Amino acid sequence: MSVLRGKKIVLGISGGIAAYKTASLVRLFIKAGAEVQVIMTPASLDFVTPLTLATLSKRPVFSSFYNQAETELQQDHPTWNNHVDIALWADYMLIAPATANTLAKMAQGSCDNLLMAVYLSAKCPVYFAPAMDLDMYKHPTTLANFDTLTSFGNTLIPAESGELASGLSGEGRMSEPENIFAFIEADIANQMPLKGKTILITAGPTYEAIDPVRFIGNHSSGKMGFDIARAAIQKGAQVILVSGPTQFDLQDAACTLIRVVSAAQMYAACMQYYSAVDVAICAAAVADYRPTLIATQKIKKNEDDLSLTLEKTQDILAALGQQKSHQVLVGFALETENEIDNAIAKIQKKNLDLIVLNSLQDDGAGFGKPTNKVTFIDGALKITPFPLQSKEAVAEDILNTLIAKYYA
């Protein structure tokens with residue numbers, strides 16, 4: 001999964017021959033799962049068509065402060081392309097190609113087109129990829145503009161050496177789209193708050209066999225654990241995801257997905273990896289009991305009643321708490337009464353650093369739903385309630401809480 005998945009990118013294109021490469025750049029961003037809003041300078045329209053870029057980005061391309069098509073139709077109130085809204089929408093901004101003229105405008109704060117207005121309004125990280133002839137690239141004013149822009153916190157993607165439009169060969173050729181894409185991905189990854197951290201996450205239910213076709217289980221879908229795993233990957237972590245039976249999947253180079261069925265299998269997987277992880281988040285709904293004896297053949301319906309003798313399963317969370325050395329340990333508690341008291345008792349008994357409490361008394365919370373209403377209680381017994389929100393948002397809150405306390 002690319003670090004750009006789900007991110008919003010403003011791609012600014014200025015008037016240089018390298019603008020023809022931006023079609024490939026848009027395609028790379030879209031393929032990575034990003035949204036792309038293209039802003040073109042009027043001069044760039046001579047080098048690449050808005051239709052091409054709009055088709056690839058699946059968004060209208062803007063090149064002026066208002067919708068020119070509507071003006072041509074002589075409508076009284078043409079649509080304004082709000083540069084502030086566009087800038088605030090973006091998670092990242094890239095200007096490629098950045099010509100000498102555009103670089104000078106950026107450095108000086110000149111604002112004579114929509115792209116410059118968006119740039120001056122941007123609060124997100126800004127990357128720029130210069131493209132010009134070799135003497136222009138090495139000119140003192142250009143080098144001074146590089147220094148000015150990097151002093152603003154903008155990031156230079158250096159030009160490459162090669163054949164130039166002038167016929168000369170040397171430095172000044174815009175970095176190739178694949179290299180720009182790789183540069184941005186690597187730069188973002190290096191700044192991620194969980195880079196270098198490994199997180200063990202459990203998800204889903206466990207099924208405890210009665211016979212070859214029947215089991216004891218619960219209604220957990222596993223969505224919460226998978227959402228936490230995806231959010232952790234997006235923040236730079238390596239994830240070991242141990243999942244009980246669930247319909248969800250997660251294919252990512254940063255994730256080792258281990259499928260299990262029973263509590264014993266989940267216990268064994270957690271014990272195998274726990275010593276090497278930095279954080280363990282136990283979101284699985286592990287069965288508390290299992291049949292003492294498992295029938296080797298399907299139990300026939302011969303009697304009116306069937307009695308099962310159950311025994312406790314191994315308490316994964318308690319075992320992790322006992323073995324905890326350097327790890328941050330997070331547990332979940334689903335309660336129906338005395339929620340806070342029961343959750344606090346669980347923190348203390350199982351040596352947790354944080355517990356995520358949810359109650360079946362709350363509408364929209366619990367198993368099999370896309371939302372949850374949770375309360376965080378930390379090791380110091382600080383209680384932080386949250387409103388009803390999506391499980392994706394709960395996952396973000398969990399990880400942001402851990403980052404703020406342990407990795408800021």
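The values are calculated or read from the model by the stated rules, or taken from the named source; none is laboratory data. Because the structure is a prediction, the values reported are computed rather than measured. Neighbour counts are summed over all protein chains in view; Cβ atoms, including those assigned to glycine, are modelled from backbone coordinates with ideal geometry. Surface areas here come from the heavy atoms of the whole protein model, side chains and all, with no ligands, DNA or RNA. Shrake-Rupley method; radii C 1.70, N 1.55, O 1.52, S 1.80 Å.
Considering every residue within region 102-119, establish whether at least one is touching a residue at least 40 places away in the same chain (Cβ under 8 Å), β-branched (Val, Ile, Thr) and open to solvent by less than 20 Å² (accessible area, probe 1.4 Å). Yes, region 102-119 contains a residue that is touching a residue at least 40 places away in the same chain (Cβ under 8 Å), β-branched (Val, Ile, Thr) and open to solvent by less than 20 Å² (accessible area, probe 1.4 Å).
Filtered by the rule that a residue be within 43 Å of the chain's Cα centre (by Cα), assigned to a loop (DSSP other than H, G, I, E, B) and not basic (Lys, Arg), region 304-333 gives THR313, GLN314, ASP315, SER325, HIS326, GLN327. Selection of region 54-63 for residues being part of a helix (DSSP H, G or I), surrounded by 19 or more Cβ atoms within 10 Å (Cβ to Cβ) and among the polar types (S, T, N, Q) yields only SER57.
Picking from residues in region 286-303 that are in a strand (DSSP E or B) and open to solvent by 20 Å² or more (accessible area, probe 1.4 Å), the one that is nearest to LEU334 (Cα to Cα) is TYR289. Scanning region 19-35 for residues that are small (Gly, Ala, Ser), over 19 Å from MET116 (Cα atoms) and in a helix (DSSP H, G or I) yields ALA23, SER24. Checked against the criterion of being in a helix (DSSP H, G or I), open to solvent by 50 Å² or more (accessible area, probe 1.4 Å) and either β-branched (Val, Ile, Thr) or modelled with pLDDT under 90 (or both), the candidates ILE398, ILE340 yield just one match: ILE340. Which of the residues that make up region 179-208 are open to solvent by 40 Å² or more (accessible area, probe 1.4 Å), of a type in the set (Gly, Ala, Ser) and closer than 30 Å to MET266 by Cα? GLY196, the sole residue that qualifies. Among the residues of region 29-53, those that are more than 25 Å from the chain's Cα centre (by Cα), open to solvent by 20 Å² or more (accessible area, probe 1.4 Å) and without any contact (Cβ under 8 Å) to a residue 60 or more places away in the chain comprise ALA43, LEU45, ASP46, PHE47, THR49, PRO50, LEU51, THR52.
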